[in-house]
Amino acid sequence: MKRRTWLGFAAAFLISLLLTGGFVDIGKPNAAIAQITSRPPTSRPPIDITRLRPAAPANLMAGSLCANNLATAIEQIIKRPLFATARWGIEVESVSPPATLYSRDAGNFLVPASNVKLLTTSAALQMLYYSPQQQPAVAARFGIINRDSDNDYAEALLNEIGGTESVKSALTSLGIDSRTYRQIDGSGLSRSNLAEPSMIVKLLKVMQSARGSDLFYNSLAVAGVNGTLARRFVNTPVQGKVHGKTGTLNGVRALSGYLDHPDYDKILFSIMVNQSDQGDDGESLKAAIDQVVLQLGRLKNC
């Protein structure tokens, strides 16, 4: 996650306000939007998950997979001795036909890291006014928050819409139970943030038809293409098919989003793992998450 000093950000934000009159003023249709450009893509080489610990069993890396075998495939990944102390929470649902394909401790609270940005941005899209002419700037700003996972932009957006109570009100209006999460900040930096994976999937589901649905979906990183997923899933069957939000803190990894799927339209998923004793900067946790997503790409409705 990218982090500039708050002082530098505050100065830049103040200059932007002075020059443009602000980004969006709730309830004021003529409010100006600051023009924000996307950040240049990284030039680092892609991550090859087959080289990361732990390597998935060979039978999990190719071929199709019937839905009734998904649980076995996922548990071969997450129940290895390396993850003996890990707390996993996973929810996987299909759009068409609507069904829960896999669920593991999805109603338990876990630290979601930057998946909190999904709450902040989805709520903001219900609250902020923007005209069609302003939409490109809105898209750029939300892309910086979700695709690039910029913490300072997320905190500024939370402050702009009135804080966590405003988020709670907006999400409640979408049918999200406030008892299924605890939001402390806008970015996910606080370890006091908590969320149920099942809540994240429900939020992804309702945001398919809520106000700002296209902006929300397009603000997410695309597997093997851009943002925090630019170097993940490269040269795999799901490259370009996953729109997701990553989450990273020490001992915490998360990935939630949408997978385009020929048999199910879209598969919605939230994968969170909290394990503080990993000594490889969380690369094993991230590799395991990616291997789980690859199982979703193998699914057949059979």
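Structure notes:
- Scanning the stretch 230-263 for residues being of a type in the set (Phe, Trp, Tyr) and closer than 17 Å to Asn146 by Cα gives a total of 1.
- Residue ID - farthest from Gly186 (Cα to Cα), chosen from residues in the stretch 101-131 that are surrounded by fewer than 22 Cβ atoms within 10 Å (Cβ to Cβ) and out of contact with any helix residue (DSSP H, G or I) (no Cβ under 9 Å at 6 or more places or on another chain): Ser131
Each row is one residue, and each column tells you yes or no for (1) part of a loop (DSSP other than H, G, I, E, B); (2) out of contact with any Leu (no Cβ under 7 Å at 6 or more places or on another chain); (3) at pLDDT 95 or above; (4) on the phi > 0 side of the Ramachandran plot.
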position: Val225; (1), (2), (3), (4): yes, yes, yes, no
position: Thr228; (1), (2), (3), (4): no, yes, yes, no
position: Phe233; (1), (2), (3), (4): yes, yes, yes, yes
position: Lys245; (1), (2), (3), (4): no, no, yes, no
position: Leu259; (1), (2), (3), (4): no, no, yes, no
position: Leu268; (1), (2), (3), (4): no, no, yes, no
position: Met272; (1), (2), (3), (4): no, no, yes, no
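- For Asn226: the one exception among (1) more than 24 Å from Leu110 (Cβ to Cβ); (2) more than 16 Å from the chain's Cα centre (by Cα): (2)
- Residue ID - surrounded by the most Cβ atoms within 10 Å (Cβ to Cβ), chosen from residues in the stretch 195-254 that are closer than 20 Å to Leu171 by Cβ and of a type in the set (Val, Ile, Thr): Ile200
- The stretch 260-289, residues that are surrounded by 24 or more Cβ atoms within 10 Å (Cβ to Cβ) and free of Cβ contacts under 8 Å to residues at least 40 places away in the same chain: Ile289
- Selected residue [part of a helix (DSSP H, G or I), closer than 24 Å to Ser276 by Cα and more than 14 Å from the chain's Cα centre (by Cα)] from Leu125, Leu82: Leu82
The values are calculated or read from the model by the stated rules, or taken from the named source; none is laboratory data. Note that the coordinates shown come from a computational prediction; the quantities given were computed from them, not determined experimentally. Cβ atoms come from the backbone with ideal geometry, glycine included; neighbour counts cover every protein chain shown.
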